[in-house]
1. Cβ-Cβ below 9 Å, separation at least six or inter-chain, first residue in segment A:479-499 and more than 17 Å from A:Val515 (Cβ to Cβ), second crowded, with 24+ Cβ neighbours inside 10 Å and of a type in the set (A, V, I, L, M): which pairs?
2. Looking at segment A:486-531 only, could you name the residues that are touching a Gly at 6+ places or on another chain (Cβ under 6 Å) and away from ligand 2 (no atom under 16 Å from the Cβ)?
3. Does B:Thr13 qualify as being more than 23 Å from A:Val320 (Cβ to Cβ), assigned to a strand (DSSP E or B), more than 9 Å from every other protein chain (Cβ to nearest Cβ) and in contact with an Asp or Glu (Cβ under 7 Å, 6 or more places away or on another chain)?
4. From B:Met107, B:Met92, which residue is more than 30 Å from A:Ile195 (Cα to Cα) and either of a type in the set (Ser, Thr, Tyr) or assigned to a strand (DSSP E or B) (or both)?
5. Looking at B:Thr95, B:Thr54, which is the one that is in contact (Cβ under 8 Å) with a residue 24 or more places away in the chain, out of contact with any Pro (no Cβ under 7 Å at 6 or more places or on another chain), away from chain A (no Cβ under 14 Å) and closer than 30 Å to A:Thr128 by Cβ?
6. Taking segment A:399-446, which residues are in contact with a strand residue (DSSP E or B) (Cβ under 6 Å, 6 or more places away or on another chain) and of a type in the set (S, T, N, Q)?
7. From the list A:Arg215, A:Arg204, which one is touching a Lys or Arg at 6+ places or on another chain (Cβ under 7 Å) and either closer than 26 Å to A:Gly346 by Cα or modelled with pLDDT under 95 (or both)?
8. So which of A:Ala341, A:Ala315, A:Ala352 is part of a helix (DSSP H, G or I) and within 23 Å of A:Gln241 (Cβ to Cβ)?
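The values are calculated or read from the model by the stated rules, or taken from the named source; none is laboratory data. Bear in mind that the values here come from a model prediction, so they are computed numbers and not experimental data. So basically every Cβ, Gly included, is an ideal-geometry build from the backbone, and we count neighbours across all protein chains shown.
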Amino acid sequence: MNNKQQMCGGEALVKALESAGVEVMFGLPGGAILPVYDPIIDSSIRHILVRHEQGAGHMAEGYAHATGRPGVVMVTSGPAATNVVTPLCDAFLDSIPMVCITGQVPYAAIGTDAFQECDTTGITMAVTKHNFLVTEAQDIPRTIRAAFHIATTGRPGPVLVDIPKDIVDPVNPRSAMTWYEATDADMDLPGYSPITQGDPELIRAAAEMISEAQRPVLYVGGGILKSRAAEALLELAEMVQIPVVTTLMARGAFPDSHDLCLGMPGMHGNFTAVTAMQRSDLLISLGARFDDRVTGKLDGFAPDAKIIHVDIDPAELGKVRQVDIGIQGDCRLVIEDLTVAMREIGGTEAQADRSAWRSTISGWQEKFPLVYEQSELGERLKPQYVLEELRDNNPPDTIVTSGVGQHQMYASQYWRFDHPYTWINSGGLGTMGFSIPAAIGAKVGKPDRRVWAVDGDGCFQMTAQELVTASVENIPIKVALMNNSYLGMVRQWQEMFYDERFSEVYLSEQTPDYVKWSEAMGCVGIRVESPEEVAPAIAKANEINDRPVVVEFRTDPRENVFPMVPAGKSNSELVVDPSQQGLER
Amino acid sequence: MSDPDTFHTIVTTVENKPGVLARVSGLFARRGFNIESLAVAPTDDERFSRITFTVDVESAPLEQVVKQLNKLINVVEIQELPPEDCVSRELMLVTVAADAHHRRELMELIDDWRAYVLAENTERIMLSFSARTARLDEFEECLRPFGIVELQRTGRVALPALD
Ligand SMILES: Cc1ncc(C[n+]2csc(CCOP(=O)(O)OP(=O)(O)O)c2C)c(N)n1
Ligand SMILES: [Mg+2]
């Protein structure tokens, strides 16, 4: 084929996406982006037509989480662009690689308040890693290459490319361009060159500090998954025999069933994970960012701990907590180098004696397991029970996505994550409505895997319409809808911190009728009200593979998530389950 | 005005593209960094501009400011200049009331401070004065009794000191 081909910007855009290896994109057309949707008909790229642009964004995120490849979104200008602001911000806070193409009014009309004009690059500046307004058709291939490069390298994140209609519209002479396959040299990014290799001297110093520590904890975050470092982490942890906590963004980065795994720390972390960090003398933070939901009140956080902090983003080092050793670099590369350095100074044998630390930790694990009270006959279902049954009746490589609220915390607490990339949730932004579209994106990226979306009734009502997308596009996800009739997490705060004054948190038990609604969207709908129905309903859902399934579990609205660190309190003030409250810590 | 010694000058070389100043100033607003002054100008290379700003290191975490700036894709280079390591200047244009009665006294002051007269009429004199920021503050105080009609300052620019 002639590579110096004359073409129009719209064709060039689609061709550039194909060149970037894009197989799937999520979007919805409209006026300004119309010329780009025409060449999509002839493209190899699968386009998933969503019902709301927010859904497209979360689908792209789910796809990126599950596959490690950038998620791609395409929408029109104005209201469509503003509809993707939430997922962009979500992807920004959780460092998810994503490229979002937005249509824009013709270049000459920019600034005139034209129909469906909005300042997309201005609005999204604060929620993207970078954005571009392309002004010439000839710049399209190099800009698309730069967008993918920026989204996927260094600390990953969302990149938006705003495309004025005139440069893609074949009837406009400004859309004429000569095709070229853009190379790195065409990108012209003089200010961007992420450092991935850690400083060897700092790594050696870290190795020594780790060997000497009496009460160390590996505090691992989402960066482990982004850098594909789960295997390297396992090797390091096993060599030095140091316990691991996995943050909400890192569930599955280290197997929950491993002896060294303490589970999730933070506001709703388990007692052992939270307390081990609190009492630690060395936190080895790998791709985590000392989020306030992990640290609790900062002054009181891990007061005796020295800090080794590894992150690809140097701005994270020392941002929240002063570090003793800060290493800028890709987690996988640094962990590999650290493992070598540790071996050089004696490996397992050279480690300080930590038998006391180990026995303290196992003492906590025995004394303060996650607990809940099973429901009596005739009482409403316990959400924890539902999660346990889901866990026990699905293969360990099942992908679980979640919304935001109590159900999210139960899912993270009660599922056993033994594989990386099996847990997908909205951590940094806490975006209600994330789970269904994220599950769709994950299923599109990993069609052979079972995908369960654990959702709340509040969340479900924010993005449920994407189940229509799933039905029509034949994406058979499964939804575990935890219907507690409430904005449960908010209800919990009102119960605990506002004297049980419940303000605007009751949704409704009966309305909507979730089974009918699901059926109307082309799904199978199942309602479950009592414990003995749980396992059979899950089994039935798992047998259906030709359409999405929604299982509505009517759960106990009074159930609260424990343990809990009340907002603004130190992690030492962790409130445990009422049944454990008398126990000495 | 504040003690000049707590002010650090940060000189950034940025790509000369639309919207870059908005990215930089948006970052400051978003992260709650207070800027004391800001000056933007082209460089000898047309691909780049220079944004020079001063921050009070007591009010802004300088390391975070620099690291966050570095994350902006269009920021190419950042130089951090503590007061002892740089030569900095700021320019002031000022119109001062100068009736016959006080004119002589004012002219003497102008001479003493080595300011320049740019224009004058029977009631007013327009001056330019360039020096370190602290000197501008002092000169401004000396002019104040005469009656400052209009005044504008550029914000400081700086280069590393020669050793
Ligand atoms: C878009 C959005 N709006 C509001 C909130 C605040 N919020 C956090 S959890 C929650 C309740 C979620 O209710 P539901 O989906 O029913 O989950 P539950 O807590 O009951 O399990 C709310 C309103 C949010 N996180 N996101
Ligand atoms: Mg609810």
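1. Cβ pairs passing all conditions: A:Gly488/A:Met482; A:Met489/A:Met409.
2. Those that are touching a Gly at 6+ places or on another chain (Cβ under 6 Å) and away from ligand 2 (no atom under 16 Å from the Cβ): A:Val515, A:Ser518, A:Glu519.
3. For B:Thr13, the condition - more than 23 Å from A:Val320 (Cβ to Cβ), assigned to a strand (DSSP E or B), more than 9 Å from every other protein chain (Cβ to nearest Cβ) and in contact with an Asp or Glu (Cβ under 7 Å, 6 or more places away or on another chain) - is not met.
4. Exactly one residue qualifies, and that residue is B:Met92.
5. Working: B:Thr95 fails: closer than 30 Å to A:Thr128 by Cβ.
Answer to the check: B:Thr54.
6. A:Thr401, A:Ser402, A:Gln408, A:Thr422, A:Asn425, A:Ser435, listed by residue number.
7. Of the residues listed, the single one that is touching a Lys or Arg at 6+ places or on another chain (Cβ under 7 Å) and either closer than 26 Å to A:Gly346 by Cα or modelled with pLDDT under 95 (or both) is A:Arg215.
8. A:Ala341
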